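One structure is given here, and the rest of the page talks about it.
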Amino acid sequence: MNITSKIILKEMKEKELQLLTWFHDLHQIPELEVELPQTVAYVSKALTQMGVSHEILPNASGIVGLIGTEGPVIGIRADMDALDVCEETKLPFASTNGHMHACGHDSHTAMLLAMTGFMKEHEAELPGRIKLLFQTGEEVLRGARHMIACGVLENPRPDYMLALHAGSFCGDGFASGDFVMAENITFYSSDSFRIVVSGKGGHAASPHLSVDSVAAASRVVEALQTLVSREVDPSIPAVISVTHISAGAQTYNVLPDQALLMGGVRTADPQVREFLKCRVAEAASEAAASMRAQAATEFVDGCPAVINDADTANHVFDAIGEIFPGSVHWMKKANGCSEDASCFFEKVPGCYFFLASMGRENGILYPHHNCRFRLDETVFWKGAAAMAKAALCLMEK
């Protein structure tokens with residue numbers, strides 16, 4: 001193969017200005033959830049200008065493209081959706097539509113576009129194919145499943161998957177421009193629950209004539225908080241959080257018929273995930289019954305944990321280390337957040353890695369999902385170069 005690390009570095013650096021133009025443009029048109037008409041139209045136009053064959057999924061719900069004609073297939077996914085956050089960065093390219101790319105998805109898309117341009121220019125030299133997956137709906141954990149249902153993992157089916165995230169999710173202590181990855185668990189799973197505790201309403205002065213749904217709901221909360229500490233192996237990360245409680249009218253003398261609890265379950269272990277989903281419902285029913293009430297639990301599946309294939313991750317680690325010596329590191333621990341790229345990684349072995357790239361405002365670092373979140377744009381070209389090098393390495397694996 002004639003596509004050397006030197007060529008990748010040189011040509012990707014030359015694409016930096018175009019990469020940043022894409023990033024700035026995308027940053028100004030943030031859209032939410034699964035249907036992103038402006039964003040999809042913008043990315044599709046860029047792909048068309050590069051001569052890349054691609055398909056827009058129904059209702060602007062994603063883009064799938066292909067580079068190359070034969071050989072192993074490397075799927076590369078970039079998410080495109082934004083958040084319902086009003087931007088306060090005062091950047092010259094800040095969004096003004098009330099939404100914001102406060103997690104860096106615009107940078108992921110721009111980096112994949114830059115890598116796409118490079119691969120298209122070298123298409124005749126490729127020892128395999130690149131399947132481009134521009135995904136919507138990551139923040140609502142629905143986009144990956146939607147794309148899979150649309151058949152993006154077929155015709156051709158990827159042999160390996162890659163995905164990159166910019167920012168700080170890789171942990172502290174890394175320099176901007178460093179790459180970080182795990183040999184196994186990268187992000188936790190995420191599922192949400194809704195528990196309705198039903199009792200019997202009545203006068204607050206006569207609780208013995210009622211079944212107090214508020215008191216029963218309180219006991220449910222206490223019961224849920226013991227599941228992780230008493231029933232899960234302490235060496236396995238797991239979290240149950242009750243994030244919402246509501247009951248009755250805003251008055252002091254009426255016991256309500258029902259109370260509503262909402263929350264979520266996160267874990268790094270697929271078996272613990274299923275165990276806790278069962279135990280949350282059981283514990284809620286048992287705790288409510290102890291107060292003569294009833295509890296009905298409804299779970300909404302979010303996404304499984306992102307689990308890297310160890311062999312693939314080691315190949316990617318070595319490949320990026322070749323192009324950026326001394327800048328690649330193993331993660332110290334999995335991230336407690338969630339990412340629906342896990343749905344792709346359940347079906348195709350691959351590697352999810354991070355580009356440390358936090359920016360500062362007046363010396364202050366604002367985290368992901370903050371209205372003043374910003375990234376260090378000077379290292380984006382490195383992310384595009386790392387994608388290209390990792391893909392080429394996997395084609396020859």
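Return the residues of segment 83-136 that are out of contact with any Cys (no Cβ under 8 Å at 6 or more places or on another chain), among the aliphatic types (A, V, I, L, M) and part of a loop (DSSP other than H, G, I, E, B); say none if nothing qualifies.
Scanning segment 83-136 gives Leu91, Ala94, Leu126.
Name the residue, out of Ala283, Ala249, that is of a type outside the set (S, T, N, Q), modelled with pLDDT of 95 or more and either more than 21 Å from the chain's Cα centre (by Cα) or farther than 30 Å from Ile185 by Cβ (or both).
Matching residue, one of Ala283, Ala249: Ala283.
Name the residues in segment 252-272 that are under 30 Å from Ile185 (Cα atoms) and surrounded by 12 or more Cβ atoms within 10 Å (Cβ to Cβ), would you?
Listed by number, the residues that qualify are Leu261, Met262, Gly263, Gly264, Val265, Arg266, Thr267, Ala268, Asp269, Pro270, Val272.
Restricting segment 364-373 to residues that are within 19 Å of the chain's Cα centre (by Cα) and either open to solvent by less than 50 Å² (accessible area, probe 1.4 Å) or among the β-branched types (Val, Ile, Thr) (or both), which is farthest from Cys170 (Cα to Cα)?
Within segment 364-373, the match that is farthest from Cys170 (Cα to Cα) is Cys371.
So which residues in segment 223-269 are in a helix (DSSP H, G or I) and more than 15 Å from Phe299 (Cβ to Cβ), if there are any at all?
Matches in segment 223-269: Ala223, Gln225, Thr226, Val228, Ser229, Arg230, Glu231.
Only one of Thr136, Thr109 is within 24 Å of Ser192 (Cβ to Cβ) and either surrounded by 22 or more Cβ atoms within 10 Å (Cβ to Cβ) or modelled with pLDDT under 95 (or both); which?
Step by step, each of Thr136, Thr109 is checked, and only Thr136 is within 24 Å of Ser192 (Cβ to Cβ) and either surrounded by 22 or more Cβ atoms within 10 Å (Cβ to Cβ) or modelled with pLDDT under 95 (or both).
Given (1) surrounded by fewer than 20 Cβ atoms within 10 Å (Cβ to Cβ); (2) farther than 21 Å from Trp22 by Cα, where does Glu121 come up short, assuming only one miss?
(2)
Just one of the numbered conditions (1) open to solvent by 60 Å² or more (accessible area, probe 1.4 Å); (2) free of Cβ contacts under 8 Å to residues at least 12 places away in the same chain; (3) not β-branched (Val, Ile, Thr) is not true of Asn184; which one?
Going through the list (1) open to solvent by 60 Å² or more (accessible area, probe 1.4 Å); (2) free of Cβ contacts under 8 Å to residues at least 12 places away in the same chain; (3) not β-branched (Val, Ile, Thr), Asn184 breaks only (2).
Restricting to segment 164-210, give me the number of residues that are of a type in the set (D, E, K, R), over 17 Å from Cys351 (Cα atoms) and assigned to a loop (DSSP other than H, G, I, E, B).
Within segment 164-210, residues that are of a type in the set (D, E, K, R), over 17 Å from Cys351 (Cα atoms) and assigned to a loop (DSSP other than H, G, I, E, B) number 1.
Take the residues in segment 314-339 that are open to solvent by less than 50 Å² (accessible area, probe 1.4 Å), out of contact with any Leu (no Cβ under 8 Å at 6 or more places or on another chain) and not small (Gly, Ala, Ser); name whichever of them is farthest from Ser176 (Cα to Cα).
Across segment 314-339, the extreme among qualifying residues is Glu339.
Kindly provide the set of residues from segment 275-318 that are in a loop (DSSP other than H, G, I, E, B) and among the small types (Gly, Ala, Ser), ordered by number.
Ser290, Ala293, Ala305
Looking only at residues in segment 68-82 that are part of a strand (DSSP E or B) and not small (Gly, Ala, Ser), which one is nearest to the chain's Cα centre (by Cα)?
Asp79
I'm trying to understand the selection: among the residues of segment 23-47, which are open to solvent by less than 30 Å² (accessible area, probe 1.4 Å) and not hydrophobic (A, V, I, L, M, F, W, C)?
Correct list: His27, Pro30, Glu31, Thr39, Ser44.
Kindly check whether there is at least one residue in segment 140-155 that is open to solvent by 50 Å² or more (accessible area, probe 1.4 Å) and touching a helix residue (DSSP H, G or I) at 6+ places or on another chain (Cβ under 7 Å).
Checked against the condition, which is being open to solvent by 50 Å² or more (accessible area, probe 1.4 Å) and touching a helix residue (DSSP H, G or I) at 6+ places or on another chain (Cβ under 7 Å), segment 140-155 yields at least one hit.
The values are calculated or read from the model by the stated rules, or taken from the named source; none is laboratory data. Because the structure is predicted, anything quoted here is derived from the model rather than measured. Every residue, glycine as well, gets a Cβ built from its backbone with ideal geometry; the counts of neighbours run over all protein chains shown. Protein only, heavy atoms only, side chains kept; ligands, DNA and RNA dropped before computing areas. Shrake-Rupley method; radii C 1.70, N 1.55, O 1.52, S 1.80 Å.
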